[in-house]
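> Take this structure, written in structure tokens, and hold onto it; I'll ask about it next.
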Amino acid sequence: MTATPTSIHSAPKTRAKYWTAYKASLSTFLQYRLNLALYSIGHVISITALYFLWTAIYEAGHTIGNYTFQEILAYYILIALLRLTINEGTGMAFQTTNEIKEGTITPYLTRPFSYPLRQFVDVLAKTTLNIAIVVPIVVMASMFLGLGEYLPHGIAIVYGVAWSLLALLLYIVIYFLVAVLSFWLDRVESYIYAVIVLSNFFNGSLIPLDVFPPWFVTISNWLPFKYLMFVPI
């Protein structure tokens with residue numbers, strides 16, 4: 001099928017408007033500088049708490065599967081990294097639900113501007129900002145704790161980044177699909193919370209999936225949640 005002149009010229013315009021939306025979202029988040037500062041301090045505190053928690057557990061003689069102290073600490077630092085960067089789909093779900101219930105989604109349905117792509121661009125802007133703030137903190141904390149050799153190197157970083165990008169897309173798809181149930185159902189927030197609980201349980205963010213019994217691993221293999229955290233790590 002031959003592309004028409006209209007479709008040829010509309011593609012750059014389409015990219016331009018979503019690029020403008022991305023920059024606008026990024027600019028909006030950057031306006032709250034105090035929040036960004038508190039956000040950074042919160043990351044430092046959470047990583048410090050992780051260190052003392054697992055130090056106490058392993059010094060008491062307890063272990064998690066076959067993980068050494070350094071390996072489990074590196075695992076949960078990477079969990080913190082993913083939670084604080086690609087986990088923006090949950091916030092997007094609540095925002096989408098509110099916009100559907102309040103009717104503010106209507107303008108997006110009557111204009112040549114895709115609402116799902118708008119939400120994706122908004123999440124991408126938040127994720128970009130989170131990465132810029134969180135990654136340097138995680139790298140410095142890892143070096144300070146002597147975990148450099150236990151974190152990804154070389155091609156493993158490339159694989160990890162690729163899987164993390166796919167996980168970000170999966171987060172958006174899962175929570176967006178739950179959020180749009182607001183067109184037909186009431187109190188969809190409860191469904192979102194239910195998905196959050198299931199996700200946290202089956203994505204490996206609470207305990208690594210490979211320490212669970214085989215029947216649990218079999219169940220997790222039939223669900224999409226392990227690809228959000230455990231598989232990228």
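The values are calculated or read from the model by the stated rules, or taken from the named source; none is laboratory data. This is a predicted model, so every value here is computed, not measured. In this analysis, Cβ positions are derived from the backbone assuming ideal geometry, glycine residues included, and neighbour counts consider all displayed protein chains. When the accessible area is computed, the model is the full protein with side chains, heavy atoms only, and any ligands, DNA or RNA have been set aside. Shrake-Rupley method; radii C 1.70, N 1.55, O 1.52, S 1.80 Å.
> Per residue, what accessible area does the chain have, given a 1.4 Å probe and all protein chains present, in Å²?
Details: 13570 Å² over 233 residues.
Counting only protein heavy atoms, the per-residue value for the chain is 58 Å².
> Karplus couplings for region 88-105 from phi (6.51 cos²θ - 1.76 cosθ + 1.60, θ = phi - 60°), rounded to Hz, Gly and Pro as x?
Whole-Hz 3J(HN,Hα) from phi for region 88-105: 7, x, 5, x, 4, 4, 5, 5, 4, 4, 5, 5, 5, 5, 8, x, 6, 7.
> Next question, about the same structure. Could you tell me the largest-minus-smallest coordinate of the C-alpha atoms of region 101-233 on each of the three principal axes, in descending order and whole angstroms?
53, 38, 22
> At 0.692 mPa s and 37 °C, plugging the Kirkwood radius over alpha-carbon pairs of region 94-134 into Stokes-Einstein gives what diffusion coefficient in µm²/s? Could the numbers behind the result be given before it?
On the way: Rh = 11.3 Å.
After rounding, the answer is 289 µm²/s.
> Still on this structure, please answer the following. Among the trypsin sites (Lys or Arg not before Pro) within region 82-168, which fall in a DSSP loop and have no more than 11 other Cβ atoms within 10 Å of their own Cβ?
Filter output for region 82-168: empty list.
> Explain nothing, just compute: Karplus ³J(HN,Hα) = 6.51 cos²θ - 1.76 cosθ + 1.60, θ = phi - 60°, for every residue of region 227-233 in order, whole Hz, x for Gly and Pro.
Values, residue by residue: 6, 7, 10, 4, 5, x, 5 Hz.
> Now a separate question. Through the Karplus equation 6.51 cos²θ - 1.76 cosθ + 1.60, θ set to phi - 60°, convert the phi angles of region 62-79 into ³J(HN,Hα) values in whole Hz; use x for Gly and Pro.
8, 9, 10, x, 9, 6, 6, 4, 5, 5, 5, 5, 4, 4, 6, 5, 5, 4
> Can you give the Rg to Rh ratio of the chain, both from alpha-carbon atoms, with Rh computed by the Kirkwood formula?
Working: Rg = 20.3 Å, Rh = 19.9 Å.
A ratio of 1.02.
> Still on this structure: Given only helices, namely DSSP H runs of n ≥ 4 each adding -39500 (n - 2.57), what is the per-residue ellipticity at 222 nm of the chain, to the nearest 500 deg cm²/dmol? Don't skip to the answer; put the middle values down first.
Working: 9 runs with 163 residues, N = 233.
Only helices count here, giving -23500 deg cm²/dmol.
> Springs between alpha-carbon atoms under 10 Å, Gaussian network over the chain: tell me which of Phe120, Phe69, Phe144 tops the mean-square fluctuations.
Top of the fluctuation ranking is Phe144.
> Would you mind checking which residues have amide H under 5 Å from Leu147's amide H? H placed 1.01 Å from N; only 5 or more apart, or other chain.
Amide H neighbours of Leu147: none.
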